[in-house]
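Computed from the coordinates by the stated procedures, all read-outs in this text should not be read as laboratory data. All of these numbers come straight from a predicted model, not from anything done at the bench. FYI the Cβ positions are ideal-geometry reconstructions off the backbone, even for glycines, and counts take in every protein chain you see.
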Amino acid sequence: MADETRRMVITGTRKGLGKHLVEHYSRAGWEVIGCSRQPVDYSVPSYRHFSLDVADEAAVGEMFAEIGRDNGHVDVLINNAGIASMNHVLLTPLSTVADIFKTNVLGTFLFSRQAARLMSRRRFGRIVNIVTVATPLKLEGEAAYASSKAAVVALTEIMAREFSDLGITVNAVGPGPLDTDLIRKVRKDKIEKLLGQLAIKHLGEMTDVTNVIDFLIAPESGAVTGQTIYLGGA
């Protein structure tokens, strides 16, 4: 009998948007597999966690090998793991830039490649990459972060073409500032300046993001691929 379990992999699930995604899709009846560098401090039904660095090729390969052995298939991948640094180019160490690109770009590449291999078994899959409004808004102080996410947008568009014959769609969602612990640490005037560049001038909600992801991963959305949807009117 075919395994009809709806199975999803989400990266960067320790806190913030990643944790919300785990809770949201677990409630919706998905079996969720997540990962982060550190263990999570919460318990959610039908959730399995791996502790790894998303840019570690060997660890990512073993994670998907284990998923393949134990579960057989993956329907959805959400590449949420990401790091940022708000700093002027002249004040940004190269090591910081390297870390940002490793997590944001290499991590997205590795997880997408491995997930697509499993998805191809059933000729169906949905990949959603989390990007940022910092890219189209060309935000000062976000050069490394915004450019890393621009690379993810390019990956999204090319993988959409390369994976189309496998029944896999690849899209991206770019939230504006969300009401998270990270944003609360940023100076209020900086957040207000950012919001001032958006059509919708207030902090977004986690549900704004899941609403779009719900649409993109639906079986009926098979004709939507290679798209990036920025929230807040960027």
Between GLU4 and HIS88, what is the label-point separation in nm under the 7 Å Cα-to-beta-carbon projection? 6.1
Chain lengthening between ASP99 and LYS138 when straightened (0.36 nm per residue, less Cα-Cα): 12.0 nm
Computed over region 183-234, Kirkwood Rh from alpha-carbon pairs, angstrom: 12.9
May I ask for the angle, rounded to the nearest 10°, between helix 206-217 and the longest principal axis of the chain, with both axes built from Cα atoms and the value confined to 0 to 90°? 40
Please report Rg over Rh for region 1-95, where both radii come from the alpha carbon positions and Rh follows the Kirkwood definition. 1.06
Taking 8 Å as the Cα distance limit and 6 or more residues as the minimum spacing, I'd like the relative contact order of region 109-234 as a percentage. 33
Could you list which residues have their amide H under 5 Å from that of PHE50, counting only those 5 or more apart in sequence or on another chain, with H placed in the peptide plane? GLY34, CYS35, SER36
Each label sits 7 Å from Cα toward the beta-carbon; between LYS193 and VAL224 the label points are separated, in nm, by 3.4
Restricting to the chain, what percent of DSSP beta bridges are antiparallel, rounded to 5? 0
Listed with the fewest Cβ neighbours within 10 Å leading, VAL224, VAL89 appear as VAL89, VAL224
Neighbour-count ranking [beta-carbon atoms within 10 angstrom, fewest first] of GLU23, GLU140, GLU4: GLU4, GLU140, GLU23
What distance in nm lies between label points placed 7 Å from Cα along the C-beta direction at GLU57 and ASP214? 3.9
With viscosity set to 1.306 mPa s at 10 °C, what whole-number translational diffusion coefficient in µm²/s follows for the chain from Stokes-Einstein and a Kirkwood radius over Cα pairs? 88
From the residues HIS20, ALA144, THR103, which one has its Cα farthest along the dipole of region 1-150 in the positive direction, the dipole being from +1 and -1 charges on Cβ of Lys/Arg and Asp/Glu about the Cα centre? HIS20
Whole-number percent relative contact order across the chain, with pairs defined as alpha carbons under 8 Å at least 6 apart: 18
